[in-house]
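Heads up: the structure comes next, in structure tokens.
The values are calculated or read from the model by the stated rules, or taken from the named source; none is laboratory data. Nothing here was measured: the structure is a model prediction, and the numbers come from that model. Here the Cβ positions follow ideal geometry from the backbone for every residue, glycine too, while neighbour counts run over all protein chains shown. These accessible areas exclude ligands, DNA and RNA; they are computed on the full protein's heavy atoms, side chains included. Shrake-Rupley method; radii C 1.70, N 1.55, O 1.52, S 1.80 Å.
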Amino acid sequence: MANAGGSAPRGALPQPTSQQDYYKSLMPSQLLAERGEEIVVINPGSANVRIGLASAKAPVSVPHCIAHQLRINGNEQDAAELPKKGAVGEGWFGTSSLTASRVDEREDTLELVVSQLKIRSFFSEKAGAGNSDNCELLPKERDTGFEWTNVEDTVSGERSTPRFQKPSTSNARADDADDDFSKQKLDRPKTYRKYICGDEALKIPASQPFTLSRPMCRGRLNISNKYSMQQVCDDIYRIWDYILTEKCQIGSKLRPRFSAVLVVPDTLDNREVKELLSVVLRDLHFHSAVVIQECIAATFGNGFSSGCIVNMGAQVISGMCVEEGVAISSTRFLLPYGGDDITRCLLWVQQRKKTWPLADTDPLRDPLDFQTLEKLKETHCLLLEGEQHTTVDIKCRMAGEPTRVYTVVLSSVNVPPMGLFYPSLLPLEQFSPLPRPWYHIDYEDTTEDSFSEAGRRLETNEAGAANGSVNGNSINNDSDPYDFEDKEKKDMEEVSSGLAQAIVKSILSLGRVDIQKKLFASIQLVGGVGLTKGLVDAVEDRVLHAIPVNEAVDTVEVLSNRMAPMNIMWKGGAVLAVLDFGRDSWVQYEDWLDGMVMVGSGRKYKDSNTLQAQAFWYNAMLD
């Protein structure tokens, strides 16, 4: 395939035969080191985005969030008008209470989980609020390793010196100039940075006029009637540009020399993928790009070609079976909960046990407090039977005040991860509703046909519609194509079934027994939740017991990950990028700008104009 400009994109197009033979003679690590220097791998997620050169051992992981300067009626908001706590991230994690039926169901599930884990003393204390009697004030100079983000725009506020100004020979005049500048600096109104990305966005004092946003939520673009598609894409561009420039040292002038691999979540639909690809090519100016599904990337990241991939992210769990490098879309399942829900369940358990300090912490509204809770979950939560307790120090930071340290005993830290198998234990209703309803994605066709092929299909459909069928599928003129009630009911059935049942249903949907046995013996748990201690044994045991007795399967095995489970998809994208696979799948910068056409195929990517309309329509349905 020839490039529109006449030159081959790096890492994408065929090499001369002698060079191909040379690459084939290299070890995988050598191949990654040599060809990976010109390929950037981007793996976006709801909570974090991972970006790095394909030759790197691990990516740069940055929170996928951005803080914008708060404006009201086009004017900058004064920081003095904002409350001391909750201005940043207010409502970000949701605080709506559960319905009465959900509360009863959750309590029943809790009793079942406590019984299975053999925790005898769980209900010995009544539920209640935490206390702050065990509080220690930490002097500011002892709170090392933490700095609040400077939100002022120091670049535009600094005094600039003329390039060819001669040095002054008078010290008195220099002192007078410094005094004048100091007075001007005091009189000058405070200017703020327009936006702040990543870790810095989470460390903004709550008293500052900034509001925090996530461009992705529950594995989808976070499009709503309050967060337009254009704003979402702009924020994604700003975050990725910040990481590439500040973390990876790949400025905008260098990017045309690089190709990009976009490892997309399995939860995205084709139109959302198109928008992300536009950000990579049109906005970030990469030379060329290719899109890879996370399930495929995870398989190759672990060094396998087949398996049942279970991606356990922060806000959604997705799964799909892969056979010899091909994703089987009929086996796909989605569970709209993840690590963040387990984190909030940990908070709920500690509040019941009266161990969490509520006086100065609010994890559901304050990003720093939630980040602290998240780290406690990652470090101490596990899936083991018996009484599981641990003593930890919790730091509560507020700008302008000494850091408070609470020594608490975290009780029953093995209860929250059980929400993976009993979703009613998780506070799912506390999260904001999904931007749009879930619907299945056609992974076999991410592009539109050429106009001639589309015309032929239209003629066929019109002829078939008279006979009550379209493309071989029966249709009902009285049915509503947007029957979300049935879809929502189906989704809730999948949610209530839990992780083990979802895996079993996914694999058993394949008819061949030999493939079923192969996939049950090659389950891969990737994503941040995969770090939970005891998860592998729990999944193997519960999946085995969830298989119907009439099935000829007696072995369930979870394969070991070859690196940190949250980086496996990124690593798989790096491996696939340097191999001579799917050369026709690479999209060139010039071709994308010329009409989003895949060269040599006569096909163009699906339009995404309806994404925003779907968001408004669905919100109208909710109202």
- Note on the structure: Relative contact order in percent for the range 325-407 (Cα pairs under 8 Å, 6+ apart) equals 20 percent
- Query: At a Förster distance of 25 Å, what's the computed FRET efficiency of residue 392 paired with residue 537, Cβ-Cβ distance as r, to 0.05?
  - Reply: 0.50
- Query: residue 257 to residue 104: extension gain in nm, 0.36 nm per residue of separation minus the Cα-Cα distance?
  - Reply: 49.2 nm
- Query: For a paramagnetic label modelled at 7 Å from the Cα of residue 579 toward its Cβ, which residues of the range 263-297 fall within the zone defined by backbone nitrogen distances under 17 Å?
  - Reply: 263-264, 290-297
- Too-long pairs where the Cα-Cα distance tops 18 Å, listed order kept, from 57/253; 375/533; 353/375; 377/533: 57/253; 353/375
- Message: As an exercise, identify the GluC sites (Glu not before Pro) in the range 319-417 lying in DSSP coil whose Cβ has no more than 10 other Cβ atoms within 10 Å.
- Response: 324
- Message: Per 0.36 nm of contour for each residue apart, how much would the distance between residue 544 and residue 407 grow if the chain were fully extended, relative to their Cα-Cα spacing?
- Response: 45.3 nm
- Message: Given a 1.4 angstrom probe, what's the average accessible area per residue across the range 337-397, in square angstrom?
- Response: 34 Å²
- Using the beta-carbon distance between residue 594 and residue 283 and R0 = 22 Å, what value does 1/(1 + (r/R0)^6) give for FRET efficiency, to the nearest 0.05? 0.85
- Express in nm, to one decimal, how much length is gained between residue 246 and residue 385 on full extension, taking 0.36 nm for each residue of separation and deducting their alpha carbon distance. 45.6 nm
- Run through every distinct alpha carbon pair of the range 246-325 and return the Kirkwood hydrodynamic radius in angstroms, one decimal place. 14.2 Å
